[in-house]
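The values are calculated or read from the model by the stated rules, or taken from the named source; none is laboratory data. Since the structure is predicted, the reported quantities are computational estimates derived from the model, not experimental observations. In this analysis, Cβ positions are derived from the backbone assuming ideal geometry, glycine residues included, and neighbour counts consider all displayed protein chains. Protein only, heavy atoms only, side chains kept; ligands, DNA and RNA dropped before computing areas. Shrake-Rupley method; radii C 1.70, N 1.55, O 1.52, S 1.80 Å.
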Amino acid sequence: MKKIVIAIDGFSSTGKSTIAKQLAKQLNYIYVDTGAMYRAVTYFALENECIGDSFFKEDDLINKLSEITITFKFNEKAGFAEVYLNGKNIESDIRTLKVSKYVSPVATLSEVRRKLVEQQQLMGKDKGIVMDGRDIGTVVFPDAELKIFMTASAETRAKRRYKELLDRGHNLSYEDVLENVTTRDHIDSTREDSPLVKANDAIEIDNSNLTIESQLNRLIQLADDIISK
Ligand code: DC
């Protein structure tokens with residue numbers, strides 16, 4: 001059967017990865033969370049004191065990029081591929097508000113983007129992949145057969161992310177999460193290299209009032225229409 005590339009882009013906390021994971025499972029495709037890759041580099045930058053509250057030693061991070069190897073390994077129990085930095089599972093370490101706070105500035109660096117985009121393109125060269133991020137339909141796979149652009153109001157997204165973080169045992173305020181979501185949206189959409197924009201041929205889905213099930217059904221339908229053509 002014909003295999004395609006499905007690019008899912010959109011603002012932070014729009015539920016891209018939840019849908020992308022389930023869509024990939026349904027189609028028996030590989031799922032790649034590219035946000036996890038930018039988060040992995042940010043985690044490395046924090047651990048190596050390249051970034052902190054009052055400093056960002058961009059050149060130090062750029063010089064150390066060759067020391068970073070990011071891999072994914074499928075976790076049967078979790079049902080998705082977890083991210084590893086130099087062989088260490090960092091799947092939960094990268095989901096903290098601290099990493100979320102610094103990831104957008106790190107993702108503005110062209111050297112970081114070049115390294116990660118190259119790896120992402122390799123992962124999708126045989127197609128049969130669902131990839132989510134900010135620049136998948138515009139930069140990583142401009143020829144993707146199906147492109148989705150997810151949106152939802154900032155408040156809806158912050159509420160979802162707040163609940164998710166509380167459920168994971170993090171102690172934080174809704175206001176902090178909302179501030180993080182809006183700041184990241186701003187940095188991600190205004191950066192010079194590969195800003196977050198909707199590709200001309202992407203289908204926009206505002207999921208503020210949609211259930212996961214209805215979004216998934218819609219995406220399966222869209223993908224099936226292309227695959228069966
Ligand atoms: O999807 P996420 O919230 O885990 O992504 C974290 C950050 O990584 C996001 O704020 C911007 C950056 N990112 C990016 O610049 N390009 C991508 N393809 C994916 C994520």
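Before moving on, here are some points about what is shown:
- Within the range 35-57, the only residue that satisfies the criterion of being at pLDDT 95 or above, open to solvent by 10 Å² or more (accessible area, probe 1.4 Å) and among the small types (Gly, Ala, Ser) is Gly35.
- With respect to being under 27 Å from Lys198 (Cβ atoms) and buried (at least 18 other Cβ atoms within 10 Å of the Cβ), Lys21 fits the description.
- Selection status of Glu82, within 14 Å of the ligand (Cβ to nearest atom), closer than 28 Å to Ala154 by Cα and in contact (Cβ under 8 Å) with a residue 24 or more places away in the chain: no
- Meets criteria (among the β-branched types (Val, Ile, Thr) and more than 29 Å from Ala158 (Cβ to Cβ)) for Ile62: yes
- Residues that are under 19 Å from the mean Cα position of the chain (by Cα), of a type outside the set (Asp, Glu) and open to solvent by 50 Å² or more (accessible area, probe 1.4 Å), drawn from the range 169-186: Thr182, Thr183, His186
- Taking (1) within 16 Å of the ligand (Cβ to nearest atom); (2) surrounded by 15 or more Cβ atoms within 10 Å (Cβ to Cβ); (3) of a type outside the set (Gly, Ala, Ser) in turn, Thr190 satisfies each apart from (2).
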